[in-house]
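Right, one structure below, let's go through it.
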Amino acid sequence: MLLTDSDQAMLHGEAGGATRTAMELLLATAEAEGASELLDISAAHIDGCLYHGQAGLDFARSLRDGGAKVVVPTTLNVSSLDLLHPKLYRGDPAVASAARQLMDAYVDMGCVPSWTCAPYQLPNRPGLGDQIAWGESNAIVFANSVLGARTGRYGDFLDICCALTGRAPAVGLHTDQGRRARLRLDLDIPDHLFDDDLLYAVLGHVMGEIAGTEVPVIVGLDDRATEDRLKALGAAAASSGTVAMFHAVGVTPEAPTLDAATGGMEPETRIVIGREELNRARASLNQGGGPLGAVSVGTPHFSVNELKELAELVSGRSTTVPFYVNTSRDVLAAAEQTGAVEIIERFGATVVTDTCTYITPIMGDVDGVVMTNSGKWAFYAPGNLGVEVAFAGLEACVVSAVSGQVIVGEEW
Amino acid sequence: MREVGYRVLVDGVATGELLRLTEPLSLWGGLDTETGLIIDRNHPQVGRNMTGVIVSMPHGRGSSSSSSVLAEALRVGTGPAGFILDTPDSILVVGSLVAHRLYGRVCPIVCGPLPEGSTGIWMIDHNHVDPVPGPYPASFSSG
């Protein structure tokens with residue numbers, strides 16, 4: 001491993017014990033990944049602020065108490081608590097207390113209390129070619145694919161190690177070579193489906209199952225694949241698979257052409273995705289008939305545009321079941337200016353910030369199926385919350401909430 | 001038959017019953033750290049227990065929270081004895097290293113292909129992987 005003088009200094013504790021620990025862990029990981037050197041990063045996003053047990057808190061505290069401070073602008077992912085609406089938390093107060101201590105430890109280290117899984121919806125997001133170290137699987141895939149910024153998959157612990165040292169292993173998606181598509185996915189789908197939000201989450205789910213850890217290139221998307229839709233696609237692909245980057249020819253910044261995405265080399269594998277695969281995936285995420293118990297949307301966190309779309313759909317209507325909308329405190333503040341939040345609350349929905357309904361006890365005991373428009377929520381909630389999930393587009397979620405019945409719509 | 005030439009991602013020695021995961025598992029959302037049980041309902045090995053076993057897995061999957069979950073499982077004592085991966089996974093590596101640093105837990109991770117049809121008790125011995133011949137003590141009862 002080629003270390004700079006500055007790397008050596010950090011490794012020898014010249015920047016303090018916490019930074020030394022961070023550099024040691026970073027180097028162990030870099031070696032596991034086969035890196036021969038580290039590179040400078042300009043930003044970090046920390047996933048480790050979500051409480052998963054004592055180990056995460058012990059680690060954060062050990063760094064904080066060792067005097068650790070981040071050396072690059074560093075945002076924080078969702079936590080276990082909604083600090084703006086603390087009464088929404090229905091879990092164990094001891095866990096809430098530990099979760100709060102974890103949040104405080106990261107803020108003490110100089111991180112920005114953004115508490116969102118969608119840091120790409122914050123101001124000053126990274127751009128094309130920027131080297132960054134992001135945690136949170138949906139943020140990673142969005143940064144690489146949609147922003148053209150360069151990040152590996154930084155898990156809990158390693159994320160803060162990068163932020164404390166300003167360094168990351170120079171391998172994989174940080175390099176031109178690692179970003180080339182080796183798997184080509186052609187879409188054979190009726191044109192009208194590209195106007196359906198749900199297509200993108202379902203396509204993401206299928207892509208994740210096929211791609212595993214590969215970088216795929218999708219041929220067949222067009223400018224109807226908006227940022228919000230690419231967000232849904234990437235989040236689903238990073239749940240059903242380990243997709244950390246995809247290209248979409250003519251849509252994502254590093255794929256103006258197929259050749260640009262592949263580096264001019266023919267992909268090793270080419271797969272056609274048609275209506276049949278999409279319907280199968282859609283059915284696999286739909287477990288429930290029966291009465292509707294609740295609705296949850298906004299995984300990843302809703303953008304201002306998505307809150308506006310929801311406001312248009314729910315205007316003048318009322319929900320008959322608990323209806324949760326997850327977003328960030330920054331997006332909420334921006335959307336409040338537009339009047340969308342007031343309409344959504346008049347509908348009877350509960351806005352959740354700083355956290356998300358599938359990672360912390362907010363929903364309580366639900367009597368019936370929970371409906372969502374998120375492939376990621378549909379994938380993880382059954383295991384995390386023990387609920388049955390119905391999966392449909394945003395409009396179907398609203399129609400179902402108004403009627404009290406699960407209406408997922410016809411198969412494609 | 002000794003399988004040699006494994007790449008060491010986290011060094012150590014561990015013995016346990018082999019649990020072959022036929023698909024990658026995200027520990028976050030997939031492992032209950034209180035019980036060690038696999039809870040991802042979409043996973044073929046859902047319901048199996050990871051406590052004290054040598055987990056063989058193609059690669060990691062999904063959420064970047066899996067480092068925390070692995071470290072917590074190792075802290076509590078519900079975590080696996082070690083991992084044999086087909087491809088390196090830094091998220092598991094970091095989880096294992098932090099558990100060692102904070103609690104002295106050793107959970108070696110090696111990378112390399114395991115022979116088809118491997119079952120029973122296996123040992124990770126630094127860069128070697130060995131099947132342990134039976135009969136096995138009752139504490140290793142399979143299932």
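Read through the list (1) more than 10 Å from every other protein chain (Cβ to nearest Cβ); (2) of a type in the set (A, V, I, L, M, F, W, C); (3) touching a helix residue (DSSP H, G or I) at 6+ places or on another chain (Cβ under 9 Å), then give the number of the only condition that residue A:2 fails.
Failed condition: (3).
Of the residues that sit in segment A:34-59 and are within 23 Å of the chain's Cα centre (by Cα) and more than 30 Å from residue A:361 (Cα to Cα), which one is surrounded by the fewest Cβ atoms within 10 Å (Cβ to Cβ)?
A:42
May I ask you to list pairs of residues, at least six apart or on different chains, whose Cβ atoms are under 8 Å apart, with the first in segment A:47-62 being over 12 Å from residue B:67 (Cα atoms) and the second being surrounded by fewer than 18 Cβ atoms within 10 Å (Cβ to Cβ) and of a type outside the set (A, V, I, L, M, F, W, C)?
A:57/A:101; A:61/A:101
Looking at (1) out of contact with any Phe, Trp or Tyr (no Cβ under 7 Å at 6 or more places or on another chain); (2) within 14 Å of residue A:324 (Cα to Cα); (3) part of a loop (DSSP other than H, G, I, E, B), can you tell me which one residue A:348 breaks?
(1)
Among the residues of segment A:1-40, write down those that are assigned to a loop (DSSP other than H, G, I, E, B), closer than 19 Å to residue B:94 by Cα and either at pLDDT 95 or above or of a type in the set (Gly, Ala, Ser) (or both).
The initial filter retains those residues of segment A:1-40 that are assigned to a loop (DSSP other than H, G, I, E, B), namely A:1, A:3-4, A:12-16, A:33-36.
Subset that is closer than 19 Å to residue B:94 by Cα: A:1, A:33-36.
Answer for segment A:1-40, where residues must be assigned to a loop (DSSP other than H, G, I, E, B), closer than 19 Å to residue B:94 by Cα and either at pLDDT 95 or above or of a type in the set (Gly, Ala, Ser) (or both): A:34, A:35, A:36.
Can you report the number of residues in segment A:386-407 which are under 30 Å from residue B:26 (Cα atoms) and modelled with pLDDT of 90 or more?
Initial filter on segment A:386-407 (under 30 Å from residue B:26 (Cα atoms)): A:386-394, A:396-397, A:406.
Next, only the ones that are modelled with pLDDT of 90 or more stay: A:387-394, A:396-397, A:406.
Number satisfying all stated conditions: 11.
What is the residue count in segment A:290-304 for residues that are modelled with pLDDT of 95 or more, part of a strand (DSSP E or B) and surrounded by fewer than 22 Cβ atoms within 10 Å (Cβ to Cβ)?
1
Filtering segment A:28-41 down to residues that are farther than 21 Å from residue A:59 by Cβ and of a type in the set (Asp, Glu), which residue is nearest to the other protein chains (Cβ to nearest Cβ)?
Restricting to residues being farther than 21 Å from residue A:59 by Cβ and of a type in the set (Asp, Glu), the top hit is A:37.
Taking the criterion of being more than 14 Å from the chain's Cα centre (by Cα), more than 10 Å from every other protein chain (Cβ to nearest Cβ) and either surrounded by fewer than 19 Cβ atoms within 10 Å (Cβ to Cβ) or on the phi > 0 side of the Ramachandran plot (or both), would at least one residue in segment B:65-82 satisfy it?
The answer is no; no qualifying residue exists.
Here's a check for you: in segment B:49-64, which residue that is surrounded by fewer than 19 Cβ atoms within 10 Å (Cβ to Cβ) and within 14 Å of chain A (Cβ to nearest Cβ) is modelled with the highest pLDDT?
First, the residues of segment B:49-64 that are surrounded by fewer than 19 Cβ atoms within 10 Å (Cβ to Cβ): B:49, B:51, B:58-59.
Narrowing the set further to residues that are within 14 Å of chain A (Cβ to nearest Cβ) leaves B:58-59.
Values: B:58: 85, B:59: 75.
Going through the qualifying residues, I end up with B:58.
Please work out if residue A:192 is within 28 Å of residue A:309 (Cβ to Cβ) and buried (at least 17 other Cβ atoms within 10 Å of the Cβ). Please lay out each step first, then the result.
Details: within 28 Å of residue A:309 (Cβ to Cβ): yes; buried (at least 17 other Cβ atoms within 10 Å of the Cβ): no.
No, not satisfied.
For residue B:43, which of the numbered conditions (1) farther than 25 Å from residue A:134 by Cβ; (2) crowded, with 18+ Cβ neighbours inside 10 Å; (3) within 12 Å of chain A (Cβ to nearest Cβ); (4) under 14 Å from the mean Cα position of the chain (by Cα) fails to hold?
Among (1) farther than 25 Å from residue A:134 by Cβ; (2) crowded, with 18+ Cβ neighbours inside 10 Å; (3) within 12 Å of chain A (Cβ to nearest Cβ); (4) under 14 Å from the mean Cα position of the chain (by Cα), the lone unmet condition for residue B:43 is (4).
How many of the residues in segment A:88-143 are in a helix (DSSP H, G or I), among the aliphatic types (A, V, I, L, M) and closer than 19 Å to residue A:173 by Cβ? Before you say what the answer is, go through the steps one by one.
So in segment A:88-143, the residues in a helix (DSSP H, G or I) come out as A:88, A:93-108, A:119-121, A:137-143.
Right, trim to among the aliphatic types (A, V, I, L, M) and you get A:88, A:94-96, A:98-99, A:102-103, A:105, A:107, A:139-141, A:143.
Checking which are closer than 19 Å to residue A:173 by Cβ leaves us with A:139-141, A:143.
Counting residues in segment A:88-143 that are in a helix (DSSP H, G or I), among the aliphatic types (A, V, I, L, M) and closer than 19 Å to residue A:173 by Cβ gives 4.
I'm trying to understand the selection: among the residues of segment A:183-201, which are of a type in the set (D, E, K, R) and more than 23 Å from the chain's Cα centre (by Cα)? Show your work before the answer.
First pass over segment A:183-201, keeping only residues of a type in the set (D, E, K, R): A:184, A:186, A:188, A:191, A:195-197.
Within segment A:183-201, A:184, A:186, A:188, A:191 meet the criteria.
Out of all the residues in segment A:200-242, which are modelled with pLDDT of 95 or more, closer than 19 Å to residue B:28 by Cα and among the aliphatic types (A, V, I, L, M)?
Matches in segment A:200-242: A:235, A:236, A:237.
How many residues does segment B:22-60 contain that are within 15 Å of residue B:73 (Cβ to Cβ) and free of Cβ contacts under 8 Å to residues at least 60 places away in the same chain?
Here is the first cut: in segment B:22-60, the residues within 15 Å of residue B:73 (Cβ to Cβ) are B:25-40, B:48-55, B:57, B:60.
After this cut, where a residue has to be free of Cβ contacts under 8 Å to residues at least 60 places away in the same chain as well, the list is B:25-26, B:28-40, B:48-53, B:55, B:57, B:60.
Result for segment B:22-60: 24.
Report every pair of residues separated by at least 6 positions or lying on different chains whose Cβ atoms are under 7 Å apart, first residue within segment A:210-227 and away from chain B (no Cβ under 14 Å) and closer than 22 Å to residue A:239 by Cβ, second surrounded by 20 or more Cβ atoms within 10 Å (Cβ to Cβ) and of a type in the set (Ser, Thr, Tyr).
From segment A:210-227, the pairs are A:217/A:262; A:225/A:200.
Among the numbered criteria (1) out of contact with any strand residue (DSSP E or B) (no Cβ under 6 Å at 6 or more places or on another chain); (2) surrounded by fewer than 18 Cβ atoms within 10 Å (Cβ to Cβ), which one does residue B:132 miss?
So the condition that residue B:132 fails would be (1).
Any idea which residue in segment A:45-59 is nearest to the other protein chains (Cβ to nearest Cβ), counting only those that are assigned to a helix (DSSP H, G or I) and among the hydrophobic types (A, V, I, L, M, F, W, C)? Explain how you work it out, then say what you get.
Start the filter on segment A:45-59 by keeping residues that are assigned to a helix (DSSP H, G or I), which leaves A:54-59.
Cutting the leftovers down to among the hydrophobic types (A, V, I, L, M, F, W, C) gives us A:55, A:57, A:59.
Details: A:55: 4, A:57: 10, A:59: 5 Å.
That would be A:55.
Go through segment B:101-141 and give me each residue that's within 13 Å of another protein chain (Cβ to nearest Cβ), over 15 Å from the mean Cα position of the chain (by Cα) and of a type outside the set (A, V, I, L, M).
Once the filter is applied, which keeps residues that are within 13 Å of another protein chain (Cβ to nearest Cβ), over 15 Å from the mean Cα position of the chain (by Cα) and of a type outside the set (A, V, I, L, M), segment B:101-141 yields B:101, B:103, B:104.
Limited to segment A:12-27, what total is found for residues that are away from chain B (no Cβ under 14 Å) and either crowded, with 21+ Cβ neighbours inside 10 Å or β-branched (Val, Ile, Thr) (or both)?
Looking only at segment A:12-27, we keep the residues that are away from chain B (no Cβ under 14 Å), and these are A:12-16, A:19.
Applying the additional criterion that residues be either crowded, with 21+ Cβ neighbours inside 10 Å or β-branched (Val, Ile, Thr) (or both) yields A:19.
Summing the residues that are away from chain B (no Cβ under 14 Å) and either crowded, with 21+ Cβ neighbours inside 10 Å or β-branched (Val, Ile, Thr) (or both) in segment A:12-27 gives 1.
What's the number of the only condition in (1) within 14 Å of another protein chain (Cβ to nearest Cβ); (2) farther than 30 Å from residue A:232 by Cβ that residue A:106 fails to meet?
Among (1) within 14 Å of another protein chain (Cβ to nearest Cβ); (2) farther than 30 Å from residue A:232 by Cβ, the lone unmet condition for residue A:106 is (2).
Checking the conditions here, which among A:62, A:80 is under 19 Å from residue B:100 (Cβ atoms) and within 14 Å of chain B (Cβ to nearest Cβ)?
On the way: A:80 fails: under 19 Å from residue B:100 (Cβ atoms).
A:62 is the lone residue from the list that is under 19 Å from residue B:100 (Cβ atoms) and within 14 Å of chain B (Cβ to nearest Cβ).
Might you check whether a residue that is closer than 16 Å to residue A:282 by Cα and not aromatic (Phe, Trp, Tyr) occurs anywhere in segment A:219-226?
At the first step, the residues of segment A:219-226 found to be closer than 16 Å to residue A:282 by Cα are none.
Scanning segment A:219-226, I find no residue that is closer than 16 Å to residue A:282 by Cα and not aromatic (Phe, Trp, Tyr), so the answer is no.
The values are calculated or read from the model by the stated rules, or taken from the named source; none is laboratory data. If you're wondering where the values come from, they're calculated on a predicted model, not measured in any experiment. Ideal geometry is used to build each Cβ from the backbone, glycine not excepted, and the neighbour counts take in all protein chains shown.
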